[in-house]
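The values are calculated or read from the model by the stated rules, or taken from the named source; none is laboratory data. Bear in mind that the values here come from a model prediction, so they are computed numbers and not experimental data. Virtual Cβ from ideal backbone geometry, glycine too; neighbours counted across all protein chains shown.
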Amino acid sequence: MKTITQIKKALLIICAFLAFKLNSQPICQAFLTSSDSGNANFYLHGDTNVPWPNGTQSNYTWDFGDGRAVYSYNGPNGLTQGWGSTNCPPYVYHQYITNGTFIVTFTAHMNDASNPNTTCDAVMTDTIVVSGLPCNLTPTIDYTQTGTYTFDISGFIPIGNVLSQSMWTITEENFTQVNGPANFSHTFPGPGTYNVCYYVEGGDGSASCSDSVCTTIYVDCPVTDTISYTQIGTSPAFHFEVNSNDTGFVWSNWYISPTGYFIDDIGIWGDSLTYTFPANGNYFVSWKEHGTQCWTTTQVYVFSPSLMTCHASFTMFEDSTNAGNWFAYNTSTGNNLNYYWDFGDGISSTQQYPFHTYTVPGHYDICLTVQGDSCVSSFCDSSSVHRMTSSGMSSFNVLASPTGVKTNESVISMINIFPNPVTDELNLQLITAEAKDLEIVLSDMLGKTIIKNEFSISAGENQIKLNTSEISNGVYMISITDKKGNRIKAAKIIK
């Protein structure tokens with residue numbers, strides 16, 4: 001049996017060992033000092049008892065007690081650099097914006113360089129008292145969408161202030177909430193733009209003031225409806241269908257406008273529409289679902305031969321006695337026409353009967369565009385067809401069409417070429433009083449033939465399609481002639 005003396009000796013040995021271990025591995029510690037630099041700007045310096053056994057600091061963390069991150073710190077060579085509230089240097093400047101008492105916490109996270117799994121967090125706090133600042137509420141607004149039209153909206157003021165009055169408003173809804181919670185959930189009536197404002201009164205106990213802030217919340221439409229349409233023949237009538245995800249009855253109606261603004265309610269309800277347009281041109285067709293206040297819009301280009309009220313045309317011929325001088329009869333038809341001539345050399349004119357002298361004689365593509373009552377029409381011709389007999393054009397003089405002159409186009413009352421610019425397919429619409437055999441040639445600007453096709457058209461309305469998917473991007477001339485070689489139509493095409 002061990003004696004009491006032996007037990008005492010054993011206890012002394014254990015205590016000596018523990019004391020040795022504690023002295024060889026000191027507990028990590030943090031230190032914190034602060035000084036007021038004026039205007040509530042405090043210099044804060046944290047430190048530790050490093051070196052901790054083979055120790056290094058991993059990072060420092062500051063909490064200034066006012067919920068705000070570090071503004072700046074006095075970096076190397078006196079530089080001032082911006083930082084967040086973590087991974088900071090041990091010395092910082094922080095400026096408070098409200099009066100009050102704040103608890104500053106400095107945390108140093110250290111690890112043993114020889115054993116990275118051995119770490120220590122040293123924490124130190126200090127109390128900062130700020131006074132003498134004017135009242136500063138400076139409210140802010142934050143929000144998060146939580147549903148289709150529902151948002152969580154929050155108002156904030158700097159820590160240290162207490163509100164005596166507050167008010168929320170949403171202008172577009174005539175919504176007002178007085179002295180309600182700073183955080184609330186709100187469901188908007190539908191998609192749109194909403195102006196949300198937060199008004200506050202209060203202070204930090206030493207001074208009081210008021211302030212306000214507004215923000216804009218955009219509520220998007222969740223509906224993914226689409227509109228499809230088909231033209232009824234070549235008439236100005238179109239049929240529209242809405243492809244909607246909704247089931248059952250939907251309160252909705254249609255709007256049509258050439259401008260894109262939804263102001264032309266045509267008074268037709270439902271998810272389908274047949275509508276006859278009054279004129280050729282671009283239109284925006286919109287469908288409004290009143291339950292969700294969502295709009296679905298498509299753009300449609302309307303062209304119908306029956307709506308053509310103007311026609312651009314001119315006939316060219318060379319002066320028989322003075323080579324290079326060219327004339328043209330302006331045979332355009334329509335009401336209240338405006339004219340735009342393109343002489344092919346970068347010069348243009350808005351006169352009805354212009355005269356143009358070319359700086360350099362040559363072969364030029366000449367185009368005329370007329371615009372009348374709800375109508376636009378273009379026609380192009382070129383002196384290139386006369387290259388075998390002419391050295392080029394030196395002047396171009398447009399004359400009024402004399403009585404009794406019949407142009408090559410007289411048997412065709414309407415020609416429309418679209419779209420222009422073209423992508424994969426070019427459409428030609430013609431109305432003629434008699435059946436004809438036509439040749440259509442698409443050539444580049446050097447006169448090289450790219451596409452050449454022959455067509456037979458019947459009396460009445462005809463539609464011809466040309467495949468342009470394999471031609472390169474550029475500018476082309478399309479020429480329509482009859483079997484006798486008489487030019488009926490020429491136009492400039494862009495791809």
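Numbers at a glance
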{"quantity": "Pair list, Cβ < 7 Å and 6+ apart or interchain, from region 364-377 residues that are outside the structural domain of ASN282 (by TED's automatic domain parsing) and outside any strand (DSSP E or B) to residues that are modelled with pLDDT of 75 or more and buried (at least 19 other Cβ atoms within 10 Å of the Cβ)", "calculated": "TYR364/GLY344; TYR364/MET393; SER374/ASN280"}
{"quantity": "Single match in ASN427, ASN397 (criterion: assigned by TED's automatic domain parsing to the domain that holds ALA323 and modelled with pLDDT of 80 or more)", "calculated": "ASN397"}
{"quantity": "Complete set of residues in region 285-320 that are closer than 30 Å to LEU337 by Cβ and in a strand (DSSP E or B)", "calculated": "VAL285, GLN299, VAL300, TYR301, VAL302, HIS311, PHE314, THR315, MET316, PHE317, GLU318"}
{"quantity": "Residue in region 134-141 that is under 20 Å from ASP36 (Cα atoms), modelled with pLDDT under 90 and exposed (fewer than 15 other Cβ atoms within 10 Å of the Cβ) present", "calculated": "yes"}
{"quantity": "Per-region count, region 330-356, residues of a type in the set (Phe, Trp, Tyr), outside any strand (DSSP E or B) and within 17 Å of HIS311 (Cα to Cα)", "calculated": "1"}
{"quantity": "Qualifying residue in region 37-47 (condition: modelled with pLDDT of 65 or more, in a strand (DSSP E or B), over 42 Å from the mean Cα position of the chain (by Cα) and small (Gly, Ala, Ser))", "calculated": "yes"}
{"quantity": "Meets criteria (farther than 21 Å from GLU318 by Cα, part of a strand (DSSP E or B) and modelled with pLDDT of 80 or more) for ASN416", "calculated": "no"}
{"quantity": "Any pair with Cβ under 6 angstrom, 6 or more apart, that starts in region 413-427 at a residue that is among the aromatic types (Phe, Trp, Tyr) and ends at one that is assigned to a strand (DSSP E or B) and at pLDDT 80 or above", "calculated": "PHE418/ASN427"}
{"quantity": "Selected residue (only one of ALA312, ALA328, ALA323, ALA279 is under 30 Å from HIS363 (Cα atoms), surrounded by fewer than 19 Cβ atoms within 10 Å (Cβ to Cβ) and in contact (Cβ under 8 Å) with a residue 60 or more places away in the chain)", "calculated": "ALA323"}
{"quantity": "Residue list for region 331-344, restricted to those being surrounded by fewer than 18 Cβ atoms within 10 Å (Cβ to Cβ) and either in the same structural domain as TYR255 (by TED's automatic domain parsing) or among the polar types (S, T, N, Q) (or both)", "calculated": "THR333, ASN335, ASN336, ASN338"}
{"quantity": "Top-ranked residue of region 249-276 - restricted to ones that are surrounded by fewer than 13 Cβ atoms within 10 Å (Cβ to Cβ) and within 25 Å of the chain's Cα centre (by Cα), ranked as modelled with the highest pLDDT", "calculated": "THR259"}
{"quantity": "Number of the condition not met by TYR301 [criteria: (1) surrounded by 18 or more Cβ atoms within 10 Å (Cβ to Cβ); (2) closer than 30 Å to THR276 by Cα; (3) within 38 Å of the chain's Cα centre (by Cα)]", "calculated": "(1)"}
{"quantity": "Failed item in (1) among the polar types (S, T, N, Q); (2) at pLDDT 85 or above; (3) within 23 Å of ASN39 (Cα to Cα), with ASN179 passing the rest", "calculated": "(3)"}
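To keep it simple, each residue is scored yes or no on (1) surrounded by 15 or more Cβ atoms within 10 Å (Cβ to Cβ); (2) touching a residue at least 60 places away in the same chain (Cβ under 8 Å); (3) within 29 Å of GLY270 (Cβ to Cβ); (4) under 29 Å from the mean Cα position of the chain (by Cα).
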position	(1), (2), (3), (4)
GLY160	yes, yes, no, no
GLY180	no, no, no, no
PRO191	yes, yes, yes, yes
CYS209	yes, yes, no, no
GLY233	no, no, yes, no
